[in-house]
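Just below is one structure, and these are the notes that go with it.
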Amino acid sequence: MLFRSLFQSPSKSMVFGMTWNRFFGTRYTVEAPPKPFPEGMADSVKSWAIGTLNQQRNLLSRAVTLLESSLPSHVEQAEMLLDYVLSVRRMENERDHPHEFVPGSFRLGIAGPPGAGKSTFCEALGCMLTKQGHRVAVLAIDPSSTLSGGSLLGDKTRMLKLSYDPNAFVRPSPSNCSLGGVAEHTSDLVVLCEAAGYDIVIVETVGLGQSEVMIDDMVDMVMLLMPPAMGDELQGVKKGIMEHADVIVINKADGPLASVAARSEAENRRAVQLQRPKAPFWKCQVTRCSALQQTRIKDVWDICAKFNKEALACGSLEQRRIHQNSTAMWSQLITQVAASCKRNPEVIKKAKELDAVMKNGGMTHRRAGRELMDVFVKDEYSRITE
């Protein structure tokens, strides 16, 4: 099987960029869609789907908003939209690249503690890539308040230059208190950005440290961005995001912190020697850069390019995508079952009874959860058999 590198000139040899960018000039319309719309799709959603396929940022933004909505009517329309744009891209790919695995984009996840400079790095990297002819999408996950449920969504203000770039799409999204550093719909947004023709999709996590491991189930490569002096090599041996990182980048390697960053780089190099490689074809790389001064950004990207090339060549990327789809399916099942339980009248009634029992220490939460599940299953079964 012939694999083309994703990081060569997009107009010549980018795998999906070559296929999809060719359709940039072929404007699909609602009146003449590439394939029939599914029954029940709203007219507005049809226009958003066509706009996404035509690489129109304003309509892509509306499609993203629809995918993030939790209203039942919006959820159904969002599924129609996502299924439709993916089926069109799959149809195009099967026509132009039959019997060949063609990744829609290179998915890069950037994790790290607050204040590491993730947003600044995303802008520096994104601006460099758009100048090379790439189309870059940045999905910045912003933490949500556990008290009010609100989210500041301020990451875009730190990427103003990239936001105005016509070949870039920057979208902040609330985490909605989801654990793991990403939001519930992040994987869907990644796929939607691929369908809109963005050949590089960057996911920036909320920045909570070593617990941001869910990003590994959504991207091709995990980058751990850290400021200088984040601890010695013992910290690097700790489990968590460290063992999921494919590259560790020490940011802010400028000014008085330049020597500290060099020392941190050396310490992390020693740390990764003690860890088991995540993949047989790749050992975690360590480097440093300055996103503010925009120095050594190309060196960081060269590591990403090398990773992508080797992952494609050995077939690891294809297997990784298959595993990620399966993981997302089970995650979605758990989310939907939990939401259905919370809406079930019998479960709500039983939960109030169990709250009173647990208040007096008469039952553990583990046992109570099992009883709620039994009530839900019995009630759903009775509904089906009626």
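Size of the range 321-385 from its Cα atoms: along the principal axes, largest to smallest, the extents are 48, 31, 15 Å.
For the range 15-96, the normalised intensity computed at q = 0.16, 0.19, 0.21 Å⁻¹ comes to -0.58, -0.81, -0.97 (log10 of I(q)/I(0), Debye sum over alpha carbons, equal scatterers, no solvent).
Quick check on the exposure proxy: order Lys306, Lys342 from fewest to most C-beta atoms within 10 angstrom. Provide the component values of the computation, followed by the final result.
Details: Lys306 15, Lys342 12.
Taking fewest neighbouring Cβ atoms as first place, the list is Lys342, Lys306.
With 24 Å as the limit, the listed pairs Lys131/Lys298; Lys131/Lys161; Lys35/Lys131 have Lys35/Lys131 beyond it between alpha carbons.
By the count of neighbouring beta-carbon atoms within 10 Å, fewest first, Ile297, Ile248 end up ordered Ile297, Ile248. What you get for the range 15-96, charging only the Cβ of Lys and Arg (+1) and of Asp and Glu (-1), is a dipole of about 360 debye around the Cα centre.
Amide H to amide H, with H built 1.01 Å from N, Val247 comes under 5 Å of Val222, Leu224, Gln285, counting only residues 5 or more places away or on other chains. Summarising the amide proton neighbourhood of Gly197: residues at separation of 5 or more, or on other chains, whose placed amide H is nearer than 5 Å comprise an empty set. For the range 128-135, 3J(HN,Hα) computed residue by residue from phi via the Karplus equation (6.51, -1.76, 1.60; θ = phi - 60°) reads 5, 6, 5, 5, 7, x, 7, 10 Hz, glycine and proline entered as x. Residue-wise HN-Hα couplings along the range 325-334, as the Karplus relation 6.51 cos²θ - 1.76 cosθ + 1.60 with θ = phi - 60° gives them from phi, are 4, 5, 4, 5, 4, 5, 5, 5, 4, 4 Hz; Gly and Pro carry x. Computed from the C-beta positions of His365 and Phe281 and an R0 of 56 Å, the FRET efficiency is 0.80 to the nearest 0.05.
Each reported figure results from applying straightforward, stated rules to the coordinates on display, with no laboratory input. Values in this document were obtained by computation on a predicted structure and should not be read as measured data. Cβ: placed from backbone, ideal geometry, glycine included. Neighbour counts: every protein chain shown.
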